[in-house]
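This report concerns only the one structure given below.
The values are calculated or read from the model by the stated rules, or taken from the named source; none is laboratory data. This structure is a prediction, so every number in the text was calculated from the model and none was measured. A quick note on method: Cβ atoms are made from the backbone with ideal geometry, for glycine too, and the neighbour counts reach across all protein chains shown.
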Amino acid sequence: MLVWSRSGRLVLWLLFALIFGVLFLAPLAVILLSSLSDQWNGVLPNGLTTEHYTDVIRGSAWNSVKASLITGFLASALALVSGTWAALSLRLQGHALKRLLGLLFFIPSAVPSVSVGLGLLVAFSHPPLLLNGTVAIVMIAHFVLISAFTFGNVSAGLARLSPDFEQVASSLGARPAYRLWHVTLPLLAPYLVAAFGLSFALSMGELGATVMVYPPGWVTLPVSIFSLTDRGDIFAGAALTMILVAATLVLLLGLERVTARATGS
Amino acid sequence: MSAAAFTGASVMDIDAAKIRGVGSNVHFDKVSVAYGAHVVLHPLTLDIAPGEILAMIGPSGSGKTTALRAVAGFVRPASGRIRIGATDVTDLPPYERGLGMVVQNYALFPHMRVEDNVAFGLRAQGADKALIGERVKDALATVGMATFARRYPRELSGGQQQRVAIARALAVRPRVLLLDEPLSALDAQIRRNMVEEIARLHRSLPGLTILYVTHDQTEALTLADKIAIMRDGRVCSHGPTTELYRRPPNRFTAEFLGRANLLPVTIAEGVGSKGFATARHGDVILTSAGRDEKAGDKSLLCIRPQHLSLTADSEHTNRIVGTLREVHWQGELTHLVLDVDGTPVRVSATKLPMALPEPGVKVPLYFAPADTSLLPEDAGV
């Protein structure tokens, strides 16, 4: 414990509550209240209603939820496979090559997502790679943006994995594929689930690249929210935001339970 | 499980006969290992006979674990060949070498139950289901863990986990069992019990060849048929355990394998027909077991602390006098530190005179010629 006095701890707790409340809770609370507001002209809403939720669900909201969930799942799954593959492969390379390729993997996360979207749009607008206007280009955009995070998570998990497990498995006669399937991947499971969860959450909230490349009929939740708020329909945008938060939370909590069950914690 | 339960594991003897390791010899033929320009194992030539326990001991960075990992296939020799039995395994991947391996932190697979851990190697090799069941049962019975088959590793103590790790290695009936500091993570009491258990295990599996890497001389002395002492990537001595302890060939071996008092002496009369030489330490003439020393040679007379006595008898015919500096009582043993003409000399005694002399008093020490050996003074290898 860094602070021993009761008053010192109280001050720290108040400071934490202030930062957490202002930076994290207040924006979410405002969005929640907006989504339930009849009208909002003063400090607090004039009245509460669920009408905005009814409106967005009756409208195209469900299609957006579906588009976001499918995009998030597929892009995250693809990123998980390739990120895990890359992390496992790079582990076997020399230090210099490992560092260089590891850095290259992280470059897309340092580029503005709008630029990534623009780049994909230009790259895939001519035959033979004509993906402009397809769902695939949305998947690719999300994959490019989130794969660095899956790679980072899996690499961190591998770094913590004692080589003894795999070496003992090999000495007992396990061939590389058997060892990977029965030892390495199960031991990495918590990191794989965490990587998938993070990728999914990032994908669910991705706007910059998606807005550049999305085709008609594949409007993700963030794009719908942006459109609604851009048109001045703040309350409907807030309702859709809360649906996005709820969908993401449900999935992340589910993943957490799976991890807890798998690791016995 | 309590320490008492460890020592009382008579179940080890019951089914052990069913697990007969087909031991093979291991031959290092000028094996060297280097990381870039840094040589960690200089050309090593060494044999481990079938059914033998060879302990490799040495300080950290001496190359002992590298030698073990070369046998296991996790380190590729820069030169030389390794043979197990008649097979040259130098270019074989680890999973084709037919070994069992136990490491310091057990490395039990945490997502598998004890029985699945033990079955792992057999399943990986595609063994028949009935055979797997039988071997798992036998291996667990051998290490006294049959009743823990359904537990997960996290539900076991350190000692129990290490027993399961040994069972897992035995279940595949390895040609050679590699033990890499297997007891280092255990506390002192359990470690002592486990050393006895491994010794008992080997008595019940006499055909099993074991390469045992440790930095603990007690484990090596208790278990090994032969010991190889490593230093700076080289074997500085290798031989039968009792021989190395009683007649260490050099100063490093004498001081690393147990405690040793080394008195500088000059040979007065070379080794006679009975194998003894006489040597002069200052004005004192001492008799010592020797090898091929000649009159005038400078030597070190090696005498273990427990072989020095404060009382004379017909066997303890050598006498030196030292000034008592320190007394350390440790229950079973009392350690005395004396100064003999500028050389610190340690005495470990189980019995001491009722009236122990005070520090600063001159004390005579007696020892038997048969308990001594002579080392060349320049052999500080």
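Does segment B:125-144 contain any residue that is facing another protein chain (nearest Cβ under 8 Å) and at pLDDT below 95? Yes, there is a match, as at least one residue in segment B:125-144 is facing another protein chain (nearest Cβ under 8 Å) and at pLDDT below 95. Going through segment B:86-133 one residue at a time, which ones are of a type in the set (Gly, Ala, Ser) and in contact with a His (Cβ under 9 Å, 6 or more places away or on another chain)? Once the filter is applied, which keeps residues that are of a type in the set (Gly, Ala, Ser) and in contact with a His (Cβ under 9 Å, 6 or more places away or on another chain), segment B:86-133 yields only B:Ala124.
The sole residue among B:Arg175, B:Arg200 that is modelled with pLDDT under 90 and within 18 Å of the chain's Cα centre (by Cα) is B:Arg200. For A:Pro176, the criteria (1) under 30 Å from B:Ala169 (Cα atoms); (2) more than 14 Å from every other protein chain (Cβ to nearest Cβ); (3) not aliphatic (A, V, I, L, M) hold in every case but one, which is (2). Here B:Gly58 meets each of (1) surrounded by fewer than 23 Cβ atoms within 10 Å (Cβ to Cβ); (2) at pLDDT below 95 with one exception, condition (1).
Report whether or not B:Pro110 is surrounded by fewer than 23 Cβ atoms within 10 Å (Cβ to Cβ), at the interface with another protein chain (Cβ under 10 Å from one of its Cβ atoms), in a loop (DSSP other than H, G, I, E, B) and touching a residue at least 12 places away in the same chain (Cβ under 8 Å). Even if it seems obvious, please write down each step before you answer.
Working: surrounded by fewer than 23 Cβ atoms within 10 Å (Cβ to Cβ): yes; at the interface with another protein chain (Cβ under 10 Å from one of its Cβ atoms): yes; in a loop (DSSP other than H, G, I, E, B): yes; touching a residue at least 12 places away in the same chain (Cβ under 8 Å): yes.
The answer is yes for B:Pro110.
Residue-by-condition table, conditions (1) assigned by TED's automatic domain parsing to the domain that holds A:Phe235; (2) surrounded by fewer than 20 Cβ atoms within 10 Å (Cβ to Cβ); (3) under 21 Å from the mean Cα position of the chain (by Cα):
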| position | (1), (2), (3) |
| --- | --- |
| A:Ala67 | yes, no, yes |
| A:Gly72 | yes, no, yes |
| A:Leu88 | yes, yes, no |
| A:Arg99 | yes, yes, no |
| A:Ser109 | yes, yes, yes |
| A:Ser115 | yes, yes, yes |
| A:Ser125 | yes, yes, no |
| A:Leu129 | yes, yes, no |
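Residues of segment B:102-119 include at least one that is more than 23 Å from B:Met194 (Cα to Cα) and in contact with a Ser or Thr (Cβ under 9 Å, 6 or more places away or on another chain).
Of the residues in segment A:60-74, how many are closer than 19 Å to A:Val245 by Cβ, in contact (Cβ under 8 Å) with a residue 40 or more places away in the chain and not hydroxyl-bearing (Ser, Thr, Tyr)?
Keep residues of segment A:60-74 that are closer than 19 Å to A:Val245 by Cβ, which gives A:60-73.
Those left that are additionally in contact (Cβ under 8 Å) with a residue 40 or more places away in the chain: A:60-61, A:63-65, A:67-69, A:71-73.
Cutting the leftovers down to not hydroxyl-bearing (Ser, Thr, Tyr) gives us A:61, A:63, A:65, A:67, A:69, A:72-73.
Of the residues in that region, 7 qualify.
Considering only residues in segment A:180-197 that are surrounded by fewer than 22 Cβ atoms within 10 Å (Cβ to Cβ) and within 8 Å of chain B (Cβ to nearest Cβ), the one that is nearest to B:Met101 (Cα to Cα) turns out to be A:His182.
Screening B:Ala165 against (1) surrounded by fewer than 23 Cβ atoms within 10 Å (Cβ to Cβ); (2) within 12 Å of chain A (Cβ to nearest Cβ) leaves a single unmet condition, (1).
Conditions tested, residue by residue: (1) surrounded by 11 or more Cβ atoms within 10 Å (Cβ to Cβ); (2) assigned to a helix (DSSP H, G or I); (3) out of contact with any helix residue (DSSP H, G or I) (no Cβ under 6 Å at 6 or more places or on another chain).
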position: A:Leu12; (1), (2), (3): yes, yes, yes
position: A:Leu18; (1), (2), (3): no, yes, yes
position: A:Pro27; (1), (2), (3): no, yes, yes
position: A:Ile31; (1), (2), (3): yes, yes, no
position: A:Val43; (1), (2), (3): no, no, yes
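The single condition among (1) more than 14 Å from chain A (Cβ to nearest Cβ); (2) touching a helix residue (DSSP H, G or I) at 6+ places or on another chain (Cβ under 7 Å) that B:Ser62 does not satisfy is (2).
Is it the case that A:Ile146 is surrounded by 15 or more Cβ atoms within 10 Å (Cβ to Cβ), on the phi < 0 side of the Ramachandran plot, in the same structural domain as A:Glu206 (by TED's automatic domain parsing) and out of contact with any helix residue (DSSP H, G or I) (no Cβ under 8 Å at 6 or more places or on another chain)? Here the answer is no, as A:Ile146 does not meet what is asked.
Might you check whether a residue that is among the small types (Gly, Ala, Ser), under 19 Å from the mean Cα position of the chain (by Cα), away from every other protein chain (no Cβ under 14 Å) and crowded, with 16+ Cβ neighbours inside 10 Å occurs anywhere in segment A:218-239?
Initially, segment A:218-239 is screened for residues among the small types (Gly, Ala, Ser), giving A:224, A:227, A:232, A:236-239.
Remaining after also requiring under 19 Å from the mean Cα position of the chain (by Cα): A:224.
Still in the running and away from every other protein chain (no Cβ under 14 Å): A:224.
Next cut, crowded, with 16+ Cβ neighbours inside 10 Å only: A:224.
Checked segment A:218-239: at least one residue is among the small types (Gly, Ala, Ser), under 19 Å from the mean Cα position of the chain (by Cα), away from every other protein chain (no Cβ under 14 Å) and crowded, with 16+ Cβ neighbours inside 10 Å.
For segment A:235-251, check the following and say yes or no: at least one residue is touching an Asp or Glu at 6+ places or on another chain (Cβ under 8 Å), touching a residue at least 12 places away in the same chain (Cβ under 8 Å), under 19 Å from A:Leu69 (Cβ atoms) and assigned by TED's automatic domain parsing to the domain that holds A:Thr134. The answer is yes; a qualifying residue exists.
Kindly indicate whether any position in segment B:151-160 is outside any helix (DSSP H, G or I), surrounded by fewer than 18 Cβ atoms within 10 Å (Cβ to Cβ), over 29 Å from the mean Cα position of the chain (by Cα) and at pLDDT 90 or above.
yes
Can you tell me which residue is surrounded by the fewest Cβ atoms within 10 Å (Cβ to Cβ) among those in segment B:64-98 that are assigned to a strand (DSSP E or B) and of a type in the set (Val, Ile, Thr)?
Applying the first criterion (assigned to a strand (DSSP E or B)) to segment B:64-98 yields B:79-84, B:87-88.
Filter once more, keeping what is of a type in the set (Val, Ile, Thr): B:82, B:84, B:87.
Values: B:Ile82: 23, B:Ile84: 21, B:Thr87: 14.
Only one residue tops the list, namely B:Thr87.
What residue, of A:Val213, A:Val258, is farther than 22 Å from A:Ala26 by Cβ, over 18 Å from the mean Cα position of the chain (by Cα) and in the same structural domain as A:Ser68 (by TED's automatic domain parsing)? Full working, then the answer.
Numbers: A:Val258 fails: over 18 Å from the mean Cα position of the chain (by Cα).
That would be A:Val213, the only listed residue that is farther than 22 Å from A:Ala26 by Cβ, over 18 Å from the mean Cα position of the chain (by Cα) and in the same structural domain as A:Ser68 (by TED's automatic domain parsing).
Just one of the numbered conditions (1) without any contact (Cβ under 8 Å) to a residue 12 or more places away in the chain; (2) within 14 Å of chain A (Cβ to nearest Cβ); (3) outside any loop (DSSP other than H, G, I, E, B) is not true of B:Phe120: (1).
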